[in-house]
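Student: Take this structure first; my questions come after.
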Amino acid sequence: MNVLTDALAALRAEFSKIFTVRMWWVLLIVLAGYVGFTAGILALVFGGVGGALASGGNAPQIPAAALPPIIYSIASSVGYVFPVLFGTLATTAEFRHQTLTPTFLATPRRGLVLGAKFVALAVVGAGYGLVALLMSVGLGSSILAATGHDTGLGDGDTWWLLARIVLAMAIWAIIGVGLGALIPSQVAAIVIVLAFTQFLEPILRLVATFWDWTASMGQYLPGAASDALVGSSIFTTLGAATGQTQSLDWWAGGLVLLAYAVVAGVFGYFTSWRRDVT
Amino acid sequence: MSTSTTIEIAGLGKSFGAMRAVDDLSFSVRPGQVTGFLGPNGAGKTTTLRMLLGLVRPTEGTATFGGTEYRNLKDPLATVGTALEASSFHPGRSARNHLRVYARAAGIGMKRVDAVLAQVGIAAFADRRVGGYSLGMRQRLGLAFALLGDPGVLVLDEPVNGLDPEGIKWIRSFLGQLAAEGRTVLVSSHLLSEVQQSVDRVIIISHGSLVYEGGLAELESGPRVLADSPDRAALESALLAAGADVEATAGGLAVTGLTREQVGTIALSAGAVLSLLASEHSGIEQAFLDLVGEGGSL
């Protein structure tokens, strides 16, 4: 076989690995539930109850036009941890269950295997993004429409936003692959992913808003870069009201996010992926 | 089946830090017979096989299939079939899907998956998750993976481990059949008795170095001859005069360094009547233990 057919075969094998173990739909169901719940609550609060309270002056003031993007982008601003987790699990499982042995026996070109994993997980990450959008847009727009707000779905900009959300979810999935190659211990990798995304990064992003010079660094944090790529997020909207926030252009945010995936993948390749499989 | 090739190990060595796992190892394995790769646990067998398969990078030397390294094989699974220790499965994936994943990676048709599942006798359990498999079933699944590409060369690491007596009987005839089809079959084991009945040739390593390469029969005939005479003292002095090592045992004189024929000739010319002249038949296991030099640990 030549390199191209080898690469396609390796890609088919990676898809086959993903869909022959239950993990992909277990995580997908949790993602759908989590995003649907959050987007629904948010739409109710800001669209319905929030609108009623706005006259009282206590509720957060968000212009009506900003409402749909905030609610729809819950898909990535809250849901991004699922593709990154799935990418990490898919990669560390190879180390944990020693399936790297049959994998490298079938495809001795190890770089090809890692490349195929990147592509396969990007596709699955995009699929996760689509399902997450189905929930956030489906529930969100219904509630917005029911409470007499504009759903924004007639606007081309909204659809362009949705496309960027799918892209962000795809990149998060391959960040997971890179991390998994870098940290082959599954437990350690999961703990690091959860601790960083759910705890450490939100704090860093908040602290970064205190000063100008930290804000310029804060925009390069992966979560911030992801929000910049998407262009709208509950966090940036709230952050803008409280302190210094700087945000990259959408394409720069996307490149920064992609750089995290590539750097982790390259380091992972040269540390764990090329190591002796014993 | 693809064409069988030889396995060529030349000057192979591997160090893990200060630990010397394999040292200047050279041997070759020919098609059409079952070759046993023996040595105690920790002798470097698995490391050698993993270097041969491109999974572990040799510190020095080469390991090839007829001159081609594993990583450079055009169709690796169709050239070499491999079953390494029985744990390389995702417990949540069924046996059929496990094989399908690697069939896809190697461009092998899905029909072949069903064929090898039937061949190793686990077709009835093929859609069960491997996590629930017994060690014996995992061994069979490992073997199914090895057969996936219908390869001319088979490299099997401890395939008998964990099999029940029926399974052991099955794999013995199976290995013989594979070799009879002209394939190159290399089977590792830490127990000589496990493979004794199924191998034609053995390679024995100890502490990472080759200690024996050749037929089982030569190993068995061994260097010891048992001889005795009513006039044991006369026989002993004649043998000692001929330069042999003689050890008096309860059953007679154990002679090292002479063939049975030579012992008989010396006895005749010394005029000593022989009451016993025999090759030592318990020699094979003993010879193996002597070679690997750590009988107690086996």
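Student: What is the Cα centroid distance between region A:178-193 and region A:59-122, reported in whole angstrom?
Tutor: 13 Å
Student: Right, something else. Just read off the accessible area of A:V207 with the full protein assembly in place, 1.4 Å probe, to the nearest 10 Å².
Tutor: Solvent-accessible area, nearest 10 Å²: 60 Å².
Student: Could you give the angle, 0 to 90 degrees to the nearest 10, between helix B:95-105's Cα long axis and the longest principal axis of the Cα atoms of chain B?
Tutor: Once rounded, the angle reads 80 degrees.
Student: May I pose another question? For region B:100-122, state which residues have at least 40 Å² less accessible area in the presence of all protein chains than in their chain by itself, taking the probe as 1.4 Å and leaving out ligands, DNA and RNA.
Tutor: Relative to the lone chain, where solvent access is computed with a 1.4 Å probe, region B:100-122 loses at least 40 Å² at B:V101, B:Y102, B:R104, B:A105.
Student: Let me ask something else about it. Could you report the accessible area of B:D23 in Å², rounded to 10, computed with a 1.4 Å probe on the protein chains as they sit in the structure?
Tutor: My reading of the accessible area for B:D23 is about 60 Å².
Student: Let me ask you something else. Rounded to a whole number, what % of the accessible area of region B:1-149 do carbon and sulfur atoms account for, probe 1.4 Å?
Tutor: On the way: 2670 of 5520 Å².
Roughly 48 percent, rounded to a whole number.
Student: List the aspartates and glutamates whose Cα lies under 13 Å from the Cα of B:K74, skipping any in the same chain that are fewer than 8 positions away.
Tutor: Partners found: A:D6.
Student: If you average 1/r across every pair of different Cα atoms in region B:1-126 and take the reciprocal, what Kirkwood value do you get, in Å?
Tutor: Values: mean 1/r = 0.0608 Å⁻¹.
Its Kirkwood hydrodynamic radius stands at 16.5 Å.
Student: Can you give the helix-only mean residue ellipticity at 222 nm for chain A, where every DSSP H stretch with n ≥ 4 adds -39500 (n - 2.57) and the sum goes over all residues, rounded to the nearest 500 deg cm²/dmol?
Tutor: About -23000 deg cm²/dmol.
Student: Return one number: the angle in degrees, 0 to 90 and rounded to the nearest 10, between the long axis of the Cα atoms of helix B:283-292 and the longest principal axis of the Cα atoms of chain B.
Tutor: 70 degrees
Student: Over the alpha carbons of the protein assembly as shown, what is the largest minus smallest coordinate on each principal axis, giving the biggest first in Å?
Tutor: 128, 50, 40 Å, listed from the longest principal axis down.
Student: Right, another one. What nm value, rounded to one decimal, do you get for the distance between B:S193 and B:D290 when each label is placed 7 Å out toward the C-beta?
Tutor: Result: 2.0 nm between the two label points.
Student: Summing -39500 (n - 2.57) over the DSSP H runs of n ≥ 4 in chain B and dividing by its residue number, what mean residue ellipticity at 222 nm do you reach, to the nearest 500 deg cm²/dmol? Mind dumping the intermediate values first?
Tutor: Values: 11 runs with 103 residues, N = 298.
Calculated mean residue ellipticity at 222 nm is -10000 deg cm²/dmol.
Student: Once R0 is set to 22 Å, what does the formula 1/(1 + (r/R0)^6) return for the Cβ-Cβ distance between B:S28 and B:D75, expressed as a FRET efficiency to the nearest 0.05?
Tutor: On the way: r = 22 Å, r/R0 = 1.01.
The computed FRET efficiency comes out at 0.50.
Student: Cα centroid distance between region B:194-259 and region B:43-69, in Å?
Tutor: One Cα centre to the other: 33 Å.
Student: If a/c stays under 1.5 just call it rounded; otherwise compare a/b with b/c (prolate if a/b is bigger, oblate if not). Do that for region B:120-263, with a ≥ b ≥ c from the square roots of the Cα gyration tensor eigenvalues.
Tutor: Working: a/c = 3.68, a/b = 2.93, b/c = 1.26.
Because a/c hits 1.5 or more and a/b exceeds b/c, region B:120-263 counts as prolate.
Student: For the modelled label position 7 Å from the Cα of B:W170 along Cα-to-Cβ, which residues of region B:84-113 have backbone nitrogen atoms closer than 18 Å?
Tutor: Counting backbone N atoms under 18 Å from the label point, the list is B:84, B:86-87, B:95-96, B:99, B:113.
Student: Within region B:107-124, find all residues whose amide N lies under 20 Å from a label point positioned 7 Å from the Cα of B:S134 along Cα-to-beta-carbon.
Tutor: B:117-124
Student: With every protein chain present, what accessible area does B:S2 have (1.4 Å probe, heavy atoms only), rounded to the nearest 10 Å²?
Tutor: Solvent-accessible area, nearest 10 Å²: 40 Å².
Student: Quick one: order A:F37, A:F46 from most to least accessible surface, probe 1.4 Å. Mind dumping the intermediate values first?
Tutor: Details: A:F37 135, A:F46 30 Å².
Per-residue accessible area, sorted high to low, gives A:F37, A:F46.
Student: Considering only protein heavy atoms, what per residue accessible area in square angstrom results for the protein assembly as shown with a 1.4 angstrom probe? Show your work: numbers first, answer last.
Tutor: Details: 24380 Å² over 576 residues.
Result: 42 Å² of accessible area for each residue.
Student: Now for a separate question. Hey, if you drop one equal point scatterer on each alpha-carbon of chain A and run the Debye formula without solvent, what base-10 log of I(q)/I(0) do you get at q = 0.11 Å⁻¹?
Tutor: For chain A at q = 0.11 Å⁻¹, log10 I(q)/I(0) is -0.65.
Student: Can you give me the relative contact order of chain B as a percent, contacts being Cα pairs under 8 Å and 6 or more apart? Each step should come with its number before you reach the end.
Tutor: Details: 606 pairs, mean separation 64.0, N = 298.
Relative contact order for chain B comes out at 21 percent.
Student: Can you tell me the length gained on complete extension of the stretch A:Q198 to A:F210, counting 0.36 nm per residue apart and subtracting the Cα distance? Working shown, then result.
Tutor: Working: separation 12, 0.36 × 12 = 4.32 nm, distance 2.01 nm.
Extra length from A:Q198 to A:F210 when fully extended: 2.3 nm.
Student: Another question, if that's okay. For q = 0.10, 0.11, 0.16, 0.20 Å⁻¹, what log10 I(q)/I(0) does region A:12-165 give under the Debye formula with an equal point scatterer on each alpha carbon and no solvent?
Tutor: Results for region A:12-165 at q = 0.10, 0.11, 0.16, 0.20 Å⁻¹ read -0.46, -0.53, -0.85, -1.13.
Student: Right, another one. Under 8 Å for C-alpha pairs, at least 6 residues apart: give me the relative contact order for chain A, rounded to a whole percent.
Tutor: Details: 391 pairs, mean separation 68.6, N = 278.
25 percent.
Student: Give me the summed buried accessible area for the B-A pair, 1.4 Å probe, to the nearest 100 Å².
Tutor: On the way: alone 13600 and 13450 Å², together 24380 Å².
In total, this chain pair buries about 2700 Å².
Student: If you plug each phi of region B:190-205 into the Karplus form 6.51 cos²θ - 1.76 cosθ + 1.60 with θ = phi - 60°, what whole-Hz ³J(HN,Hα) values come out, in order, with x for Gly and Pro?
Tutor: 9, 10, 4, 4, 5, 10, 3, 7, 10, 9, 9, 9, 10, 10, 10, 10
Student: Is the shape of chain B rounded, prolate or oblate, going by the alpha carbon gyration tensor and its root eigenvalues a ≥ b ≥ c, with a/c under 1.5 for rounded and a/b larger than b/c for prolate?
Tutor: Verdict is prolate for chain B.
The values are calculated or read from the model by the stated rules, or taken from the named source; none is laboratory data. Computed from a predicted model, the values in this text were never measured in an experiment. Methodologically, a virtual Cβ is constructed for each residue, glycine included, from the backbone with ideal geometry; neighbour enumeration extends over all protein chains shown. What goes into the accessible areas is simple: the full protein's heavy atoms, side chains included, and nothing from ligands, DNA or RNA. Shrake-Rupley method; radii C 1.70, N 1.55, O 1.52, S 1.80 Å.
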